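Trainee: Take a look at this one; I'll ask things after.
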Amino acid sequence: MAIFRNKLDKRGTVLRPMHAFGRRPSACQTVLRAPDISQIHALVRWNRQAWEIVDQSRNGTTLNGERLPSGRWTVLPTGAEVRLGLGEESVWIADDLAPPVTCLFPSEGHGSAVALSPRENLLPDAQQPEVNVYFHEGKWVIEHIDGVDHLSDGAMVRTSGSTWEFVLCDDLESTAENTIAPTSPPPVEVALHFNVSQNEEHTSLSLVTDGKSVSLGEHIHHYTLVTLARVRSQDAQRGLAPQSQGWIALDELSRMLGVEPSYVNIQIFRAKHQILNALPTHSADAPLVERRRGDVRFGSYPFLIHDGARS
C-alpha cells in the first residue's frame, strides 16, 4: 500500500486509488486546514503501473522543489517531497508507493497498516478476538458482538484498545462485479460432527468432507457451537420455518453457558477461526454462526450430534 507521511508530525495517510488533498472534507480523503490550501489542492492516483500527482490549486504544488505544471499528471518517485502550501504542516513525503490495498490504518496516523485478508481478520488478535473484518457477497463487513455491519471507506473499526480507519481500495471490488469467474473446483460439501461426553464436560468436533473425517480435537468453543446447534435442532423439531430456526439472544446463550457475553463472543470467533482454517480452499461458503442485533444462531452447515448425556 502507498503511504504519504507528514514531514512535520510524521502522521501517515494511506492513498486510495484516487486520492484528493485539500480543504473540502466532502471531496478530500486528506483534509488540510491551512488558508493557502485550495478546496481540492492536488490529486494522486494509481494508474495500474505507478502513482501520479496533478496540481489543481490556485497557489501551486511542488514536487522535490519543482513546481508542478497545472493539470498535467506527473509520476511520483519513492521518497518524493510534495509541498502543498507554505507551512511545514503542508509538506508530505512519499514514504511508500506500493499498489493500493484495502487495509486498516491506525486512526491517529502513527504505526503500521494492517493489510486485510478477504476470509478473516480477527482484531485485536486471534487469541482474544473482539471483532472480525472480512469480504462477503461483494462487500467488506465487520462482525462484532451486536451483529454484522457493512464497512464504507473511512469507517472507524474499534476494539477495547485500538482504533483503525478502514481504507477501501478497488483491489477486490473491481473483480467482484466480473460475472465470468475463473475455472475452479466445485464446492466441497462439509458437515460438522460433534461428540459430547455424558457429563457435558468434553466436546470434540470433526469435519466430514467427501466421506473423510478430520478431527479438530476438543475445545471449549466446540461446546458453544454444539449448544447453538442443539437450539437449531430443537426449533426444527418444533416445526419452525428454516429462517426462524436457531435464533437465541446472546445474553440468554451466555446464561446457558454460565459465562459473560463477551466471553461467548470470543469463543464464537475462535470456533470460526479454527474451522475456516481447516476447511478446503474451495469448500462451500456457508456461515458457521449467523448474527442479527443481539441474537446469534448456528449457521447452515449440516451437523450431527452424538450426545452422550442424552443417548
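Trainee: When the helices in the chain are scored as -39500 (n - 2.57) per DSSP H run of 4 or longer and the sum is shared across all residues, what 222 nm value do you end up with, to the nearest 500 deg cm²/dmol?
Mentor: Estimated from H runs of four or more residues: -5000 deg cm²/dmol.
Trainee: Under a 5 Å amide H to amide H cut-off, with H placed in plane at 1.01 Å, what residues pair with C169 once short-range neighbours are removed?
Mentor: T102, C103
Trainee: Binning at 10 Å from 0, report for segment 37-174 what percent of all alpha-carbon pair distances ends up in each bin.
Mentor: 11, 34, 29, 20, 7, 0
Trainee: Please list, in chain and number order, the residues 5+ apart from V289 or on another chain whose amide H is under 5 Å from its amide H, with Hs placed from the backbone.
Mentor: Correct list: G299.
Trainee: Would you list the P(r) distribution for segment 62-128, with all Cα-Cα distances sorted into 10 Å bins from 0 and each bin expressed as a whole %?
Mentor: 15, 35, 27, 16, 6, 0
Trainee: Now, a different point. Using +1 at the Cβ of each Lys and Arg and -1 at the Cβ of each Asp and Glu in segment 190-310, identify which of L228, N195, A249 lies farthest towards the dipole's positive end.
Mentor: Result: A249, furthest along the dipole toward the positive end.
Trainee: A further question on this structure: From the backbone phi of segment 29-34, what are the Karplus-calculated ³J(HN,Hα) couplings (6.51 cos²θ - 1.76 cosθ + 1.60, θ = phi - 60°) in whole Hz, Gly and Pro given as x?
Mentor: Working through the residues one at a time gives 6, 10, 9, 10, 9, 4 Hz.
Trainee: Let me ask something additional. Over segment 103-176, what is the relative contact order in percent, taking alpha-carbon pairs closer than 8 angstrom and at least six residues apart?
Mentor: 27
Trainee: Please report the base-10 log of the normalised intensity I(q)/I(0) for the chain, using a Debye sum with one equal scatterer per alpha carbon and no solvent, at each q in 0.14 (1/Å).
Mentor: Taking Cα atoms of the chain as identical point scatterers yields -1.03.
Trainee: Taking amide H atoms as placed 1.01 Å from N in the peptide plane, list the residues 5 or more away in sequence, or in a different chain, whose amide H sits under 5 Å from that of H41.
Mentor: Distant-sequence amide H within range of H41: F21, G22, R23.
Trainee: Which residue, G258, Q274, L104, has the largest displacement toward the positive end of the dipole of the chain when charges sit on each Cβ (Lys, Arg +1; Asp, Glu -1)?
Mentor: Result: L104, furthest along the dipole toward the positive end.
Trainee: Roughly what angle does helix 261-278 make with the longest principal axis of the chain, taking Cα atoms, 0 to 90 degrees, to the nearest 10?
Mentor: It works out to around 90 degrees.
Trainee: Further question on the same structure: Could you give the Stokes-Einstein D for segment 23-113 in µm² per second, using the C-alpha Kirkwood radius, 4 °C, 1.567 mPa s?
Mentor: Rounded to a whole number, D works out at 93 µm²/s.
Trainee: Computed on alpha carbon atoms, what radius of gyration and Dmax characterise segment 190-310, expressed in Å?
Mentor: Every Cα atom of segment 190-310 included, Rg and Dmax give 13.7, 37 Å.
Trainee: A further question on this structure: Could you tell me what a quarter of the Cα convex hull surface of segment 5-74 works out to, in nm² with one decimal place?
Mentor: 4.9
Trainee: Any idea what the dipole of the chain comes to, in debye rounded to 20, about its Cα centre with Lys/Arg Cβ at +1 and Asp/Glu Cβ at -1?
Mentor: Roughly 540 debye for the chain.
Trainee: Hey, what do the phi angles of segment 229-246 turn into as Karplus ³J(HN,Hα) couplings, whole Hz, using 6.51/-1.76/1.60 and θ = phi - 60°, x for Gly and Pro?
Mentor: Using θ = phi - 60°, the values come out as 5, 5, 4, 5, 4, 4, 5, 5, 5, 7, x, 5, 5, x, 5, 9, 6, x Hz.
Trainee: Could you work out the relative contact order of the chain? I mean the mean sequence separation of Cα pairs under 8 Å and 6+ apart, divided by the number of residues, in percent.
Mentor: Computed over the chain, the figure is 13 percent.
Trainee: Can you give the three extents of the C-alpha atoms in segment 103-176 along their principal axes, from longest to shortest, in whole Å?
Mentor: 33, 27, 18
Trainee: Another question, if that's okay. Taking the Cα atoms of segment 34-81, report the difference between the largest and smallest coordinate on each principal axis, in whole Å and largest first.
Mentor: 33, 19, 18
Trainee: Please get the size of the charge dipole for segment 211-286, origin at its Cα centre, with Cβ charges of +1 on Lys and Arg and -1 on Asp and Glu, quoted in debye to the nearest 20.
Mentor: With only Lys, Arg, Asp and Glu charged at Cβ, the dipole is about 180 debye.
Every number in this text was worked out from the coordinates using simple rules, so none of it is lab data. Predicted model, so just to flag it, every value in this text is computed and none were measured. In this analysis, Cβ positions are derived from the backbone assuming ideal geometry, glycine residues included, and neighbour counts consider all displayed protein chains.
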